[in-house]
Every structure is written in C-alpha cells, then in structure tokens.
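Undergrad: Handing you a structure now.
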Amino acid sequence: MGESEVKVIGKWSSPYVMRVKIALRIKSIEHEHFEETLNPKSDLLLKSNPVYAKVPVLIHHGKPISESLIIVEYIDETWSNDNSPSILPSDPYDRALARFWATYIDEKWFPSMKSIITVETEEEREPYYKVLEEVVERVEDAFGKCSKGKPFFGGDSVGFLDIAFGSFLGWLRVTESLYGRKVLVEAKAPSLVKWAERFADDPAVKGLIPDHDKLVEISKPLQIKWRALAAIGKKY
Amino acid sequence: MGSQKEEVKLLSFVCSPVCRRVEWGLRLKGVDYEYIEEDIFNKSNLLLQLNPLHKKVPVLVHANKPIAESLVILEYVDETWNHQYPLLPQHPYERALTRFWIKFADEKVMYGGYVAMISSGDEQEKKVNEVREGMEKLEELIKGKRFFGGDKVGFLDIALGWITYLLPVWEEVGCMKILEAEKCPAISAWVNNILSHPVFKDCLPPKEELLAYNHRRRKHFNPALYN
C-alpha cells in the first residue's frame with residue numbers, strides 16, 4: 001500500500017471519527033492521521049469537505065469522502081475480499097435493518113447527549129434523558145433481532161450497527177460522570193450492557209475509545225461554547 | 001434472501017415525496033408492487049404494526065418483512081433486484097458521493113424548503129436564502145449533465161424528484177421563490193427532463209391534493225396567515 005494512500009482527517013474526541021477508525025482497523029488498512037484542531041479549521045479540511053467543514057474526512061487516492069457512516073460503507077465496499085470481515089451484513093434485509101437502526105441512532109442520540117451537557121438544570125436535562133432511555137430500550141430490542149444470539153449486532157464480529165452505536169459509549173460515560181445518572185443499566189438493557197463490554201474489549205475497538213478523563217476535561221470548554229451558542233439562539 | 005418473485009406491498013401517502021421516491025425506484029426497476037394508501041391523519045393498525053417505531057410511511061413489505069425509511073428501502077430494492085436497472089452507481093466512490101449529496105439535499109433543500117413553506121416574514125426569508133444556497137450547489141453538481149445520474153436517471157434523480165412536482169407547490173403555498181431559472185438553468189432543464197420521462201410522467205401526485213395538504217400544514221404551524 002502506497003504511503004498516504006489513505007488519509008483520515010480526524011479529532012481524537014469525536015465519536016464520528018472513531019467509527020471510521022474502527023472500520024479501517026477491521027479491514028487492516030494503514031492510514032495517515034491528520035489531527036484537526038477545528039479552531040481554526042485547517043486548509044486541508046476546508047478543501048476536502050467544503051460543504052460542511054467537519055470531521056471525519058477520508059481521503060483515498062486524493063479523493064475525499066465525508067459523513068462517518070457513508071465513509072464506513074465506502075470502506076466496506078472498497079476493501080471487500082475474503083481476507084477481511086464484512087462490516088455490513090450480506091443479506092439485503094439484514095443490511096436494511098442495520099441501516100434503519102443506524103439512522104435512528106444518529107437522529108436521536110448525539111443531539112440529546114449534547115443537550116444534556118448544554119442545558120443548565122437537572123429539570124432541563126430530564127426530557128433528553130427520557131429520549132436516551134427510550135433509545136436504549138429500542139436498541140436493546142433491536143440487538144435481539146439483529147444479533148440472533150451472537151455477540152454483536154453484526155453477528156460474530158463487530159459490524160455496522162455495533163460501530164454506529166458503540167462509538168457513542170465514550171461520551172455516554174462522560175455524561176454519567178458529570179451528572180451521576182446512568183442510562184445503560186442492567187435492569188433496562190441487560191444485553192446491551194454485556195455487549196458494551198465486549199465491544200470495548202474487541203481488538204477492532206480496543207484503544208480507540210478516547211480516554212475518559214481527557215473527555216471529561218474537554219467537556220468543560222465544550223459546554224461553555226455550546227451554552228454560548230445556545231444563548232445567542234444558534235443551533236449548537 | 002427475499003426472492004425477487006415474492007409479493008411487494010408499499011404503504012404510502014399520495015402527498016409524501018419520500019413515499020413517491022420509493023415508487024419511482026420500484027417502477028424504474030420494473031418491480032410490481034401493491035400500492036396501499038395510508039391516511040396519515042388516521043393511521044391504520046397495519047401501519048402501526050409494520051412501523052411501530054416511527055409510525056410513518058413509506059413502509060415496504062417484501063416476503064412479509066417490513067422495511068421503513070425511504071432511502072433504506074431504496075438501497076434494499078436496489079440490492080434485491082440487482083439485475084434490473086441499477087439505481088446506485090457501480091464504483092464505491094461514486095456511490096459515496098451519491099449518498100452524500102442525497103443526505104445534503106434532504107437536510108438543506110427538502111427539509112429546509114418545508115420549513116420555509118410553513119414560515120413567514122424574516123424567518124422565511126432567512127430559510128429561503130439557505131435553501132437557495134443548497135440549490136446552487138445542486139446546480140453545480142448537474143451542470144453539463146442531462147440527469148444527476150449522467151445520461152440515465154439514477155438514485156440521486158429519484159431522491160431529488162420532489163423538486164419537480166412539490167417545490168412549485170411549496171413556492172405557491174409559501175408565497176416564495178426558490179428555484180430561479182436564470183440562477184439554476186441546469187436544474188430547470190433537469191426538471192423538464194424528469195417530468196417528461198416515460199417512467200415518471202404518469203406517476204406524479206395530483207396538484208390539487210398537494211396544494212390542499214400543504215396549505216393544511218402551513219395553516220397548522222402559522223394559523224394567523226389564514227385568517
């Protein structure tokens with residue numbers, strides 16, 4: 001593989017970047033990492049993702065691709081041979097289920113997590129916790145249907161939906177630390193609790209979940225920034 | 001895998017652009033389906049049973065298995081009837097670009113357009129400008145091509161098809177202008193190409209129903225405008 005044939009513009013704290021990193025590791029693809037500060041945004045980022053100027057961006061043979069799950073599908077389709085596991089299931093119906101649940105998670109999860117960190121009081125956090133709890137309940141159910149008794153959503157190995165949901169575990173632990181309220185609990189989601197442990201320990205994931213204390217540390221300036229944006233009525 | 005020969009049903013709503021894009025995909029691929037109209041203001045038990053999470057149309061049922069979310073459905077249809085008229089391009093990079101632009105257009109232009117339609121005053125003006133910016137990006141994308149898919153209609157054309165029949169209705173209902181022929185000549189030409197396409201020209205929603213439904217939505221969010 002040529003040097004810098006695959007490049008990732010990323011940020012260590014981003015769950016979306018983590019998705020791409022897991023996918024690359026599943027396929028054993030070496031890549032060059034470019035750590036984006038986002039403040040200011042680098043020329044490379046602005047050139048590679050002019051529409052959104054967001055991470056992650058995958059650059060393959062000089063061609064950029066944006067949006068984490070679109071990148072993951074690209075990786076799965078481009079490096080598809082007998083040597084590496086598939087990220088998406090092979091059956092079209094199972095693929096549809098995986099995409100359906102990933103779409104649902106993306107719509108509901110991070111916006112609520114961000115709101116939990118941004119709003120000021122416990123009372124204001126309550127409705128967002130309700131959303132997260134509902135998502136956990138639904139995804140627990142989905143796990144049963146997708147995994148069919150196997151360890152991961154994807155079956156025997158980490159797959160698309162594992163990546164989509166598991167990438168948020170790091171930040172979930174941060175909200176638990178900040179506010180002392182757990183969302184992924186044994187009583188409500190016994191399968192997911194066990195799955196979360198397996199996911200974090202899996203060779204495809206190990207070391208990619210950002211350090212907890214470092215995330216807690218940056219949650220403070222992020223909270224300040226998001227609160228400031230909210231105060232001037234901007235969608236944070 | 002569900003066999004290509006097994007029964008296909010589509011739960012749909014006549015005024016919904018995301019339902020219609022699924023129909024266009026099925027028709028382009030020559031897949032027979034049973035159309036089931038859903039009254040979204042009085043949801044059937046069938047819908048609630050088939051899509052308990054969102055309770056929304058479209059829902060495709062193939063070999064008795066339900067699938068929801070229009071883009072998820074279309075990818076499923078493309079993969080299942082894989083020997084007939086591919087909707088997505090073959091090359092992974094082109095596929096990634098297609099998926100990217102659909103996501104962009106759905107968020108910036110379709111959802112944005114809807115919000116503009118139900119708004120008024122400064123709020124609407126701000127939204128209209130955002131949507132126009134989005135439209136200009138789509139103009140750049142299609143420049144020099146007959147369709148977004150190239151010489152033939154593809155996934156992106158189907159996903160954006162609502163622009164051809166619904167955007168004019170939103171412009172009328174919302175008293176606004178989003179697609180200007182002088183600024184977006186390539187898209188304007190594309191609109192005509194789609195409206196005259198043999199597969200789509202007989203699969204357009206009735207304008208009167210679209211007007212009635214969208215006025216209803218606008219009135220719901222902005223009742224003062226209708227007094």
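The values are calculated or read from the model by the stated rules, or taken from the named source; none is laboratory data. This structure is a prediction, so every number in the text was calculated from the model and none was measured. Please note: Cβ atoms are built from the backbone with ideal geometry, for glycine as well, and neighbour counts cover all protein chains shown. Surface areas here come from the heavy atoms of the whole protein model, side chains and all, with no ligands, DNA or RNA. Shrake-Rupley method; radii C 1.70, N 1.55, O 1.52, S 1.80 Å.
Undergrad: Report the Cα centroid-to-centroid distance between the range A:181-236 and the range A:85-139 in angstrom, as an integer.
TA: 12 Å
Undergrad: What whole-number value in cubic angstrom gives the convex hull volume per residue for the C-alpha atoms of chain B?
TA: Numbers: hull volume 29.4 nm³, N = 227.
It comes to 129 Å³ per residue, whole-number rounded.
Undergrad: Using Cα positions and a limit of under 12 Å, work out the aspartates and glutamates in reach of residue A:182, with same-chain residues fewer than 8 apart set aside.
TA: Partners found: A:133.
Undergrad: In nm, what is the difference between 0.36 nm times the number of residues separating residue A:138 and residue A:38 and their Cα-Cα distance? List each step's numbers first, then the result.
TA: Values: separation 100, 0.36 × 100 = 36.00 nm, distance 3.39 nm.
In short, 32.6 nm is gained.
Undergrad: Now, a different point. Taking a ≥ b ≥ c as the square roots of the eigenvalues of the Cα gyration tensor of the range A:1-141, is the shape rounded (a/c under 1.5), prolate (a/b larger than b/c) or oblate?
TA: Note, shape of the range A:1-141 comes out oblate.
Undergrad: Further, regarding this structure: Just reorder A:181, B:99 by solvent-accessible area, largest first, 1.4 Å probe, all chains present.
TA: Numbers: A:181 65, B:99 25 Å².
In descending accessible area the options line up as A:181, B:99.
Undergrad: Of B:72, B:15, B:35, which is farthest along the charge dipole of the range B:8-80 in the positive direction, counting Lys and Arg as +1 and Asp and Glu as -1 at C-beta?
TA: Value: B:15.
Undergrad: Which order do you get for B:54, B:83 if you rank them by accessible area with a 1.4 Å probe, largest at the top? Write out the running numbers ahead of the final one.
TA: Numbers: B:54 40, B:83 155 Å².
Result, largest first: B:83, B:54.
Undergrad: Looking at A:29, A:105, A:119, which one has the Cα that reaches farthest to the positive end of the dipole of chain A (charges on Cβ: Lys, Arg +1; Asp, Glu -1)?
TA: A:119
Undergrad: On to the next question. Which percent of the accessible area of chain B is formed by carbon and sulfur heavy atoms (probe 1.4 angstrom)? Spell out each step's value before the answer.
TA: On the way: 5330 of 10590 Å².
The C+S portion of the solvent-accessible surface of chain B is 50 percent.
Undergrad: Here is a further query. Kindly report, to the nearest 10 Å², the accessible surface of residue B:111 as traced by a 1.4 Å probe over protein heavy atoms only.
TA: Looks like 140 Å² after rounding.
Undergrad: With an 8 Å cut-off on Cα pairs and a minimum separation of 6 or more residues, tell me the relative contact order of chain A in percent.
TA: Working: 291 pairs, mean separation 45.0, N = 236.
Relative contact order here is 19 percent.
Undergrad: Could you work out the relative contact order of the range B:92-226, using alpha carbon pairs under 8 angstrom and six or more residues apart, expressed as a whole percent? Kindly include the intermediate steps, with their values, before the conclusion.
TA: Numbers: 122 pairs, mean separation 36.8, N = 135.
For the range B:92-226, the relative contact order is 27 percent.
Undergrad: Work through the residues other than residue B:223 whose Cβ is under 14 Å from its Cβ and net out their charges, Lys, Arg +1 and Asp, Glu -1.
TA: Values: positive: B:216, B:217, B:218, B:219; negative: none.
So the surrounding residues net to +4.
Undergrad: Same structure again: What net charge do the residues around residue B:200 carry, taking every other residue with its C-beta under 11 Å from that of residue B:200, with Lys and Arg at +1 and Asp and Glu at -1?
TA: Working: positive: B:20, B:21, B:27, B:201; negative: B:23, B:157, B:202.
Once all neighbours under 11 Å are counted, the net charge is +1.
Undergrad: If you don't mind, another one. Accessible surface of residue A:101 in the full protein assembly, 1.4 angstrom probe, to the nearest 10 Å²?
TA: Approximately 30 Å² of residue A:101 is accessible to the 1.4 Å probe.
Undergrad: So, R0 is 22 Å and r is the distance between the beta-carbons of residue B:103 and residue A:185; what FRET efficiency does that work out to, to 0.05? Can you show the working numbers first?
TA: Details: r = 33 Å, r/R0 = 1.50.
That gives a FRET efficiency of 0.10.
Undergrad: At 222 nm, what helix-only mean residue ellipticity would chain B give, in deg cm²/dmol to the nearest 500, using -39500 (n - 2.57) for each DSSP H run of four or more? Mind showing how you got there, number by number?
TA: Details: 11 runs with 115 residues, N = 227.
That calculation yields -15000 deg cm²/dmol at 222 nm.
Undergrad: Quote the convex hull volume per residue of the range B:92-226, based on C-alpha atoms, as a whole number of Å³.
TA: Working: hull volume 14.0 nm³, N = 135.
Dividing the Cα hull volume of the range B:92-226 by its residues yields 103 Å³.
Undergrad: Considering only Cα-Cα distances, which of the following residue pairs are longer than 30 Å: B:103/B:152; A:225/B:55; B:126/B:207; B:29/B:177; A:41/B:126; A:108/B:108?
TA: Working: B:103/B:152 21 Å; A:225/B:55 36 Å; B:126/B:207 27 Å; B:29/B:177 34 Å; A:41/B:126 25 Å; A:108/B:108 19 Å.
Beyond 30 Å between Cα atoms: A:225/B:55; B:29/B:177.
Undergrad: On the full set of protein chains, 1.4 Å probe, figure out the accessible area of residue B:204 and give it in Å² to the nearest 10.
TA: Its accessible surface works out to 60 Å², give or take rounding.
Undergrad: Quick one: compute the contact order of chain B, relative version, from alpha carbon pairs under 8 angstrom and 6+ residues apart, as a percent. Don't skip to the answer; put the middle values down first.
TA: Values: 276 pairs, mean separation 44.4, N = 227.
So the answer I get is 20 percent.
Undergrad: Multiplying the sequence separation of residue B:129 and residue B:35 by 0.36 nm and subtracting their Cα-Cα distance, what value in nm do you get? Don't skip to the end; give the middle numbers.
TA: Details: separation 94, 0.36 × 94 = 33.84 nm, distance 3.70 nm.
Length gained, residue B:129 through residue B:35: 30.1 nm.
Undergrad: Further question on the same structure: How are the Cα pair distances of the range A:155-236 distributed, in percent, across 10 Å bins from 0?
TA: P(r) for the range A:155-236, in whole percents per bin: 15, 40, 31, 13, 1.
Undergrad: Using the scaling law 2.2 N^0.38 Å as the reference, what is the normalised Cα Rg of chain A?
TA: Details: Rg = 17.8 Å, N = 236, 2.2 N^0.38 = 17.5 Å.
Normalised Cα radius of gyration, chain A: 1.02.
Undergrad: Compute the whole-percent fraction of alpha carbon pairs in the range B:8-80 spaced more than 14 Å apart. Each step should come with its number before you reach the end.
TA: Working: 1408 of 2628 pairs.
The answer is 54 percent, as a whole percent.
Undergrad: Any idea how far apart residue A:231 and residue A:46 come out in nm if each label point goes 7 Å out from Cα toward Cβ?
TA: Using points 7 Å along Cα→Cβ, the separation is 2.8 nm.
Undergrad: Here's a follow-up. How big is D for the protein assembly as shown, in µm² s⁻¹ as a whole number, if Stokes-Einstein is applied with the Kirkwood radius of its Cα pairs at 20 °C and 1.002 mPa s? Provide the component values of the computation, followed by the final result.
TA: Details: Rh = 23.7 Å.
D = 90 µm²/s.
Undergrad: Follow-up question, since we're still on this one. Could you check the simple spin-label distance between residue B:3 and residue B:212, using points 7 Å along Cα→Cβ, in nm with one decimal?
TA: Between residue B:3 and residue B:212, the label points sit 4.2 nm apart.
Undergrad: Using a 1.4 Å probe and counting only protein heavy atoms, arrange B:91, B:62 so the residue with the most accessible area comes first.
TA: Details: B:91 100, B:62 0 Å².
Descending order: B:91, B:62.
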